[in-house]
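Step one of this worksheet: look at the structure below.
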Amino acid sequence: MSSKVIYILFLTLFFCQNSKSQESIKQHFSSPNIILIFTDDQGYNDVGVFGAEDISTPNLDQMAKDGAKLTNFYAAQAVCSASRAAILTGCYPNRIGIHNALMPNSKVGLNPKETTLAEMLKKKGYATAIFGKWHLGDAEKFMPTKQGFDEYFGIPYSNDMWPLHPQQGPVFDFGPLPLYENEKVIDTLTDQTNLTTLITQHSVDFIERNKDNPFFLYVPHPQPHVPLFVSDKFKGKSNRGLYGDVIMELDWSVGEIIKSVEKNGLTENTIIIFTSDNGPWLAYGNHSGSALPFREGKGTAWEGGQREPFIIKYPKEIERGIVIDAPLMAIDILPSLAEVTNSKLPEEIIDGKSGWSLLTGKTTESPQEAYFFYYRVNELFAVRYGKWKLYFPHTYRTMDGQEPGKDGLPGDYKMVDLQYIELYDLDSDESETTNVATSNPKVVAKIQKLANGMRTRLGDSLQEIEGLENRAPGSEGQ
C-alpha cells in the first residue's frame, strides 16, 4: 500500500473519530446532568435561607444565592413511600396505588409498568444512580435496578425499620436493616454513624466516573429521619442539638457534591435540586425538625406537613438569587425535567405539568390550577388553589397540648376531628390560624368543584368514591 493511500486512510479515520467526538460533546452539553437531593422528614425551617437561625447551612445558602429558592413547594404527600413515588413518576401517589410508608417484606411496590424519572432519562442516554433510601418496595422486582437505575447503594426502607426501634416488641417486630450494593446485601446495619458520608462518597465517585456523559444522580438521604446519626466530624457542632448536627452534615454532603461538579467543569450544564419528602416528625420532639411558621408536620396536610424547602441551581438557564413564590409540587418535577432534556413523557397518564417556564422566569404563574392533598388510603384532605387552601372534614393527628418525645423516644399524638370545611388565605395567614370559609362562599364553591373533578378521576375514600383512573401498584405475586 502506498504512503499516499495510507495518509488518506489516516485522515479519513481522524475526521471520522473527530466527528464522533464532537457529536459526543454536543450530545453531552445539550443534555444537562441532573442531581436530585432528597432528604427525609426535614422541616421548612431547617435551612438557613428558609429561616433557621440555629443551624449553619452554608452550602445550601450559597446554592440558593446561585440559583432559585421556592417558597411554595409541596411534597406530594406527607409520608415516605407515597412522596417518593410521586417525585419519581410525576403522579399523585394514590393514582399509582402507593399509600403511606411501605413496611419491610411488603407484598406491593412501585409497579414496574410505571415510568420513573430514571427510566425516562435512560432513554436519552443518561447514566443513572440512586444512593440512599429507596422505600418503594423491597421485593427484588421492585428494587431500583429494576426501575431504571444502573447503580444502587443504600437501604430499602426507612432507617428506623430495624431491631433497635424504640417500640420494637410492643408495636413492631423488625428484622435486620440491610445495606445494598446494587442487588446484593453487603451488610446489615447496627450503626448508621457513617451512612451519610458513605452516600456522599458514592455520589462524588459517580460524578467523577460519568463526567464525560450525561447522568442522573438521585440522592435520597435517610436522614434526618429518626433514629438520628451523625459522623464525628459534625457531632456537637450545631446550636440545635443532635438534629442540628445531622442537618449540618447533610449540608456538607450537598457541598461535596457541588464541589465535585465544579471540579469536573460541569457547573454550567448541571441541574442540582434540593428538597425533602415531607415535614418534620413532631412526635420526636428534640429529634425532629421545625416547619415554622407553618402549622403541624409530617402525617398531615397542613402546610407544615407538605410545604418543603426547595432550591434549584442551573446557571445556564436559571437566574442567580431569585425567589419564586408561585406553588409547585413534586409531581411537576418529572415533566419539568422532561422539557429541559427534551425527553418523551410517560405514555401513562401523569398528574404533573412542566414548571420549567416558572423556574426560568418566563412566567410567574404555577403550571397547575390547583393541587390536591391526599393522605392515608385515598382520602382527600385539602386543595391548594391560588392563595387559598381549603380543608375538607377529616381526622388528623397533632402534638398540640401533648408531651413531646425526647432523645429518640416519640410522644403520643392526639387525634382531632375537623368537622367542617375550613378555608385559609395563605398570603395573609401562612400559619393557618383564621378560617375564612364563611366570608368567601364563591371561593369555597370553586374549590369544591375542582375537588369533585379530581374525585371522579382518582376517588376519595372519605366520600366512598372510587376513581376512574387509578392504577394498581406492583404485586409480588404478579
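The values are calculated or read from the model by the stated rules, or taken from the named source; none is laboratory data. All figures in this text were calculated on a predicted structure; none of them were measured in a lab. Reconstructed Cβ throughout: ideal geometry from the backbone, glycine too, with neighbour counts over all protein chains shown. Surface accessibility is based on the protein's heavy atoms, side chains included, excluding ligands, DNA and RNA. Shrake-Rupley method; radii C 1.70, N 1.55, O 1.52, S 1.80 Å.
Quick notes on this one:
- Set Lys362, Lys389: member being out of contact with any Ser or Thr (no Cβ under 6 Å at 6 or more places or on another chain) and open to solvent by 30 Å² or more (accessible area, probe 1.4 Å): Lys362
- Hits in segment 130-162 - residues which are of a type in the set (A, V, I, L, M), closer than 21 Å to Ile207 by Cα and either surrounded by fewer than 24 Cβ atoms within 10 Å (Cβ to Cβ) or in contact with a Lys or Arg (Cβ under 9 Å, 6 or more places away or on another chain) (or both): Ile155
- Checked against the criterion of being more than 17 Å from Leu328 (Cβ to Cβ) and crowded, with 24+ Cβ neighbours inside 10 Å, the candidates Ala64, Ala76, Ala101, Ala82 yield just one match: Ala82.
- A count restricted to segment 415-451 and to residues that are assigned to a helix (DSSP H, G or I) and open to solvent by 80 Å² or more (accessible area, probe 1.4 Å) stands at 3.
- In segment 225-239, residue nearest to Gly297 (Cα to Cα) [restricted to those that are open to solvent by 50 Å² or more (accessible area, probe 1.4 Å) and part of a loop (DSSP other than H, G, I, E, B)]: Asn239
- Test result for Ile257, hydrophobic (A, V, I, L, M, F, W, C), part of a strand (DSSP E or B) and open to solvent by less than 10 Å² (accessible area, probe 1.4 Å): no
- With respect to (1) open to solvent by 30 Å² or more (accessible area, probe 1.4 Å); (2) within 19 Å of the chain's Cα centre (by Cα), the lone exception for Asp412 is condition (2).
- Any hit, segment 195-215, residues being in contact with a Ser or Thr (Cβ under 8 Å, 6 or more places away or on another chain), open to solvent by less than 60 Å² (accessible area, probe 1.4 Å), of a type in the set (Phe, Trp, Tyr) and outside any loop (DSSP other than H, G, I, E, B): yes
- Beta carbons closer than 6 Å, at least 6 apart along the sequence or on distinct chains, pair a first residue in segment 26-53 that is of a type in the set (Gly, Ala, Ser) and buried (at least 24 other Cβ atoms within 10 Å of the Cβ) with a second that is modelled with pLDDT of 95 or more and not in a strand (DSSP E or B) for Gly43/Gly279; Gly43/Pro280; Gly43/Gly289; Gly43/Ser290; Gly43/Ala291; Ala52/Asn45; Ala52/Asp46.
- Checked against the criteria, Leu468 counts as free of Cβ contacts under 8 Å to residues at least 60 places away in the same chain, under 23 Å from Arg376 (Cα atoms) and part of a loop (DSSP other than H, G, I, E, B).
- Residue match in segment 169-181 (condition: open to solvent by 10 Å² or more (accessible area, probe 1.4 Å) and under 18 Å from Glu348 (Cα atoms)): no
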